[in-house]
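Engineer: Quick one: the structure is below, questions incoming.
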Protein chains: 2
Amino acid sequence: MSDARRGRLSVVGLGPGSEGLLAPDAAAAFRDADDLIGYFPYVDMAVRLAGPLKATLHASDNRVEMDRARHAFELAASGRKVVVVSSGDPGIFAMATAVIEALHAECEAAGNAADNSSGESCGDFTSNAAGERAATWRAVELVIVPGISAAQAAASRVGAPLGHDFCVLSLSDNLKPWDVIERRLELAASADLVLALYNPISKARPWQLGRAFDLLRRHLPATTPVVLGRDVGRPAERLIVTTLGEVTPAQVDMRTVVIVGSSQTRAFPRGDGSLWVYTPRWYEAAPAGEAGSPDASGDGAAGA
Amino acid sequence: MSDARRGRLSVVGLGPGSEGLLAPDAAAAFRDADDLIGYFPYVDMAVRLAGPLKATLHASDNRVEMDRARHAFELAASGRKVVVVSSGDPGIFAMATAVIEALHAECEAAGNAADNSSGESCGDFTSNAAGERAATWRAVELVIVPGISAAQAAASRVGAPLGHDFCVLSLSDNLKPWDVIERRLELAASADLVLALYNPISKARPWQLGRAFDLLRRHLPATTPVVLGRDVGRPAERLIVTTLGEVTPAQVDMRTVVIVGSSQTRAFPRGDGSLWVYTPRWYEAAPAGEAGSPDASGDGAAGA
């Protein structure tokens, strides 16, 4: 395969869904694409936020992530500039994982021994048809453009509930057993971590969120702040600040991200009667000097 | 205070530090600001990414978050457009929390009973000088502009290590006891969550990261992928993919974010000899159909 024909596959995050929070690199990728692949509402959103686009649109239904990923590699391997679009951050419960999984599966299918955790699998291979296909996929320039995820957008609207240690869990038991999810909720609550819950509920998973709330109520006070953020950053944005004692699954749908505070998370009223919610930077006791003098939370960490 | 004099305080994230990943809302806030307040490297970065700026620059040293927050409120309460700048996402171990904490402390200092977890504190207050100051602070339009955080940027460069459930922890024991951090590491590792570690090490905290790695080695195989991302998105970007068995604290500094995989996280070689790292969407066993047919991971969750 000549370099001139080297295709590019970009996995791109829409962010929350407003132009103002769409990364310029994401907008540029959409505009430069020959092909745009994704779940149809996200393809529509890319056109709305960055369009008009020259790309051929390949909008698909949900639940076909691996098909989408393989289709994207096939197009890119033919020399095209392909974008796979995700909402939020493609690296958080979204298409980046499916795309990398597809590439790994192709490498493994090419007959290389799989020692998955050591990086020893998927070496050189060109000796058969499967190997040649894997080689063309691997020659594709693969780029992931991160985005602002739903929990971050919801947090920014209500204050800083994710300002201290937190945990990001998907409540979907489509691809992991429910008992693993319960165990993670138990351990995260025992660790007194703030929780950001993705995929909280759906028609096919009606009871799981109620079980999750019940479980968390055994660890946390009823007054623990809970934030429900639906379509944050989009025209239909809706935010609810409630408590663990009062929240019900009926307030939540699959387009909602749920943030459950830790024992330290606080709420207090704004001027307009709604609430600010934040989790203090300190834990258990305010440090000396917190009330008025310079404190000592930072390290100048450029990584924040 | 008349509406014409209503000031605005925006807490704004720089994202990882490249123009292409700076949200347009963030760039607009920098350009519109009368005053820009922050740790001096972040003020410099805002000027580099969005400048020239008309704002008066108030660059300060690190470890003065609460002073910065109060200064910002005072300026905004006088009717100015003030921006407090953070790297990454201001809501993740950054200035949004300090700003909201400062507001809450001011409300509480105004003499209102503090029932911190129920949102009952900080009601109306104008009966004394402290109350009037709290009222002027609360009248400020307070806006938080989220950003792409360091762990997301690092993840995007190496694949999708955060593609499944994960935990975001600060290793700094400046504001929380070290035993709380150890307990959280233990519980997160027991839950088999991927870990993103912020503030991993500093001159004042030289031994903690080594202890953390030792603790994690008791739960996870030595082959577990570890990603070290330093200055990701900036000119000096450096990425290392190693393993839990091989990583040493000497490879890490305070500008590095550390991602430690779960038992499921995998690595495999790219064409250029470096490694892709990802955490599969499924857990424990690949679902039926994973190898070739449409799978069932998605819910059409717009929240991702």
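The values are calculated or read from the model by the stated rules, or taken from the named source; none is laboratory data. If you're wondering where the values come from, they're calculated on a predicted model, not measured in any experiment. Here the Cβ is made from the backbone with ideal geometry for all residues, glycine too, and neighbour counts use every protein chain on show. Only protein heavy atoms, including side chains, enter the accessible area calculation; ligands, DNA and RNA are left aside. Shrake-Rupley method; radii C 1.70, N 1.55, O 1.52, S 1.80 Å.
Engineer: Just need a number here: residues in the stretch A:192-212 that are over 21 Å from the mean Cα position of the chain (by Cα) and either buried (at least 23 other Cβ atoms within 10 Å of the Cβ) or part of a helix (DSSP H, G or I) (or both).
Structural biologist: The number of residues fulfilling the criteria is 2.
Engineer: Using the structure shown, decide if residue A:184 is in a helix (DSSP H, G or I), within 30 Å of residue A:268 (Cα to Cα), open to solvent by 30 Å² or more (accessible area, probe 1.4 Å) and modelled with pLDDT of 95 or more.
Structural biologist: Numbers: in a helix (DSSP H, G or I): yes; within 30 Å of residue A:268 (Cα to Cα): yes; open to solvent by 30 Å² or more (accessible area, probe 1.4 Å): no; modelled with pLDDT of 95 or more: yes.
No: the conditions fail for residue A:184.
Engineer: Among all residue pairs at least 6 apart or on different chains, which show Cβ distances below 7 Å where the first residue, located in the stretch A:97-110, is free of Cβ contacts under 8 Å to residues at least 12 places away in the same chain and within 23 Å of residue A:13 (Cβ to Cβ) and the second is surrounded by fewer than 24 Cβ atoms within 10 Å (Cβ to Cβ) and among the polar types (S, T, N, Q)?
Structural biologist: That search, which allows pairs on different chains as well, returns nothing.
Engineer: A follow-up question, please. Tell me whether the stretch A:29-52 contains one or more residues that are open to solvent by 20 Å² or more (accessible area, probe 1.4 Å), of a type in the set (D, E, K, R) and closer than 12 Å to residue A:86 by Cα.
Structural biologist: Yes, there is a match, as at least one residue in the stretch A:29-52 is open to solvent by 20 Å² or more (accessible area, probe 1.4 Å), of a type in the set (D, E, K, R) and closer than 12 Å to residue A:86 by Cα.
Engineer: Of the residues in the stretch A:157-181, how many are free of Cβ contacts under 8 Å to residues at least 24 places away in the same chain and in a helix (DSSP H, G or I)?
Structural biologist: 2
Engineer: Let me ask another. Say we look at the stretch A:150-163 and pick out the residues that are more than 7 Å from chain B (Cβ to nearest Cβ) and surrounded by 24 or more Cβ atoms within 10 Å (Cβ to Cβ); which of these is farthest from residue A:107 (Cα to Cα)? Don't jump to the end; show me each part of the working.
Structural biologist: Pass one, the stretch A:150-163, residues more than 7 Å from chain B (Cβ to nearest Cβ): A:151, A:154, A:157-158, A:161.
Keeping just the survivors that are surrounded by 24 or more Cβ atoms within 10 Å (Cβ to Cβ) gives A:151, A:154, A:158, A:161.
On the way: A:151: 34, A:154: 38, A:158: 45, A:161: 41 Å.
Within the stretch A:150-163, the match that is farthest from residue A:107 (Cα to Cα) is A:158.
Engineer: Which one of these is within 11 Å of another protein chain (Cβ to nearest Cβ), in contact with a Phe, Trp or Tyr (Cβ under 7 Å, 6 or more places away or on another chain) and among the aliphatic types (A, V, I, L, M): A:247, A:241, A:232, A:168? Give the derivation first.
Structural biologist: Details: A:247 fails: within 11 Å of another protein chain (Cβ to nearest Cβ); A:241 fails: in contact with a Phe, Trp or Tyr (Cβ under 7 Å, 6 or more places away or on another chain); A:232 fails: in contact with a Phe, Trp or Tyr (Cβ under 7 Å, 6 or more places away or on another chain).
Only one candidate qualifies: A:168.
Engineer: Another question, if that's okay. So, restricting to helices (runs of 4 or more DSSP H) that lie completely within the stretch A:1-93, which ones have at least 1 residues that are of a type in the set (Gly, Ala, Ser), out of contact with any helix residue (DSSP H, G or I) (no Cβ under 6 Å at 6 or more places or on another chain) and touching a residue at least 24 places away in the same chain (Cβ under 8 Å)?
Structural biologist: Details: elements: A:24-32, A:40-50, A:65-77.
By residue number, A:24-32, A:65-77.
Engineer: OK, next. Considering only the stretch B:60-82, state which residues are modelled with pLDDT under 95 and open to solvent by 50 Å² or more (accessible area, probe 1.4 Å).
Structural biologist: B:61, B:63, B:67
Engineer: Hey, can you tell me all the residues within the stretch A:250-269 that are at the interface with chain B (Cβ under 7 Å from one of its Cβ atoms) and over 27 Å from residue A:48 (Cβ atoms)?
Structural biologist: If we filter the stretch A:250-269 for residues that are at the interface with chain B (Cβ under 7 Å from one of its Cβ atoms), which is where we start, we get A:254-257, A:266-269.
Matches in the stretch A:250-269: A:266, A:267, A:268, A:269.
Engineer: Please name all residue pairs, on different chains or six or more residues apart, with Cβ atoms under 6 Å, provided the first residue is in the stretch A:244-260 and is without any contact (Cβ under 8 Å) to a residue 40 or more places away in the chain and the second residue is open to solvent by less than 60 Å² (accessible area, probe 1.4 Å) and among the basic types (Lys, Arg).
Structural biologist: From the stretch A:244-260, the pairs are A:255/A:230.
Engineer: Right, another one. Mind listing whichever residues of the stretch B:223-238 are open to solvent by less than 60 Å² (accessible area, probe 1.4 Å) and touching a Leu at 6+ places or on another chain (Cβ under 9 Å)?
Structural biologist: Within the stretch B:223-238, B:223, B:224, B:225, B:226, B:227, B:228, B:229, B:230, B:232, B:233 meet the criteria.
Engineer: May I ask you to say which residue of B:102, B:114, B:151, B:130 is more than 29 Å from residue A:274 (Cβ to Cβ) and either modelled with pLDDT under 95 or assigned to a helix (DSSP H, G or I) (or both)?
Structural biologist: Answer to the check: B:151.
Engineer: State all residues of the stretch B:22-69 that are more than 9 Å from chain A (Cβ to nearest Cβ), in contact with a Gly (Cβ under 8 Å, 6 or more places away or on another chain) and farther than 19 Å from residue B:149 by Cβ; if no residue qualifies, say none.
Structural biologist: Across the stretch B:22-69, the qualifying residues are B:58, B:59, B:60, B:68.
Engineer: Examine the stretch A:26-40 for a residue that is within 30 Å of residue B:261 (Cβ to Cβ) and either modelled with pLDDT under 95 or among the β-branched types (Val, Ile, Thr) (or both), and state whether such a residue exists.
Structural biologist: Checked against the condition, which is being within 30 Å of residue B:261 (Cβ to Cβ) and either modelled with pLDDT under 95 or among the β-branched types (Val, Ile, Thr) (or both), the stretch A:26-40 yields at least one hit.
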